[in-house]
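Structure first, commentary second.
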Amino acid sequence: MKSLGRLLSTLAGLLALWQVIVTFGELPPYILPDPLAVISVLWKDSGPLLYHAGVTGLEIILGMVFGTLLGCASALLLSYSQHARRWLLPMLIASQAIPVFAIAPLLVLWLGYGMGSKIAMSMLIIYFPVTANFYDGLRHTPRGWLDLARVMLPGSQPGSHRWAILRHIAIPAALPALASGLRVAAAVAPIGAVLGEWVGSSAGLGYLMLHANSRMQVSLMFAALFVLAALAVLLYFFVDAGLRRLLPWHPITPTTDPETY
């Protein structure tokens, strides 16, 4: 409830600042519409907005799921195989030098104008933070835990228990780092879906914004942008709440406590 109260107070402050800028800046509606006009569009066109939000939301969720699975598999492969690190790690780093927007037309060309290209864009956006954070967590497993596991596990062959150690020691120890990557992924996943919709689509909030822009319906554009921001915030808080429940042994330090440090 406290988080909801802070979120509502922040929203009220932003709306008040928006109204002040519109009023005293004397900006025309086609540059910056009045907040009340945007709220009116949100109410009047709630049906189409909810439909397009559902399409974009499904693309984001599926992109999160598949991107997380691919990122976790890549991090495990990097951690487990030295040969994989030699070719996959440089490719992973080099991929971040390519603008995602430049790949979007290719994905639409390969996967079509349907939902597949938008899911692939969301996957590409979140792939690096999930992989990098999980792999970093796997690499920084406390050395004492690994040595103790090797001593306590039966068997005399070196390396015979690599998978058991990875499964029971390294992966649980790396879950907090993976959680950090998932929080970043939840915040940026909507970018991939909307970029894909801008390049080519027939539904979604990105498509609705382009359609409103071509008709100079600025209030509708802001309404779609507001719904997209609300989707991103809800996704982040949902992921954060789920991670807190799944990782009860890794509490978040309350930085607002004056005695924390």
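The values are calculated or read from the model by the stated rules, or taken from the named source; none is laboratory data. As the structure is a prediction and not an experimental result, all values here were calculated from the model. Virtual Cβ from ideal backbone geometry, glycine too; neighbours counted across all protein chains shown.
Number of residues in region 130-180 that are more than 34 Å from the chain's Cα centre (by Cα) and modelled with pLDDT of 80 or more: the value is 0. Return yes when Leu109 is among the aliphatic types (A, V, I, L, M), assigned to a helix (DSSP H, G or I) and surrounded by fewer than 17 Cβ atoms within 10 Å (Cβ to Cβ) and no when it is not. Taking the combined requirement at face value, the residue satisfies it.
Checking each residue in region 18-71 for being under 23 Å from Ala232 (Cβ atoms), polar (S, T, N, Q) and without any contact (Cβ under 8 Å) to a residue 12 or more places away in the chain picks out only Ser46. Close Cβ contacts (under 8 Å, 6 or more residues apart or on different chains) running from residues in region 109-133 that are more than 18 Å from Pro99 (Cβ to Cβ) to residues that are in a loop (DSSP other than H, G, I, E, B) comprise Tyr113/Gly200; Tyr113/Ser201; Tyr113/Ser202.
For region 26-103, which fully contained helices (runs of 4 or more DSSP H) count at least 3 residues that are within 25 Å of the chain's Cα centre (by Cα)? Talk me through it step by step, then tell me what you get.
Numbers: elements: 35-44, 46-80, 82-95.
Fully inside region 26-103 and qualifying: 46-80, 82-95.
Could you list all residues from region 198-220 that are polar (S, T, N, Q) and farther than 20 Å from Trp18 by Cβ? The answer is Ser201, Ser202, Ser214.
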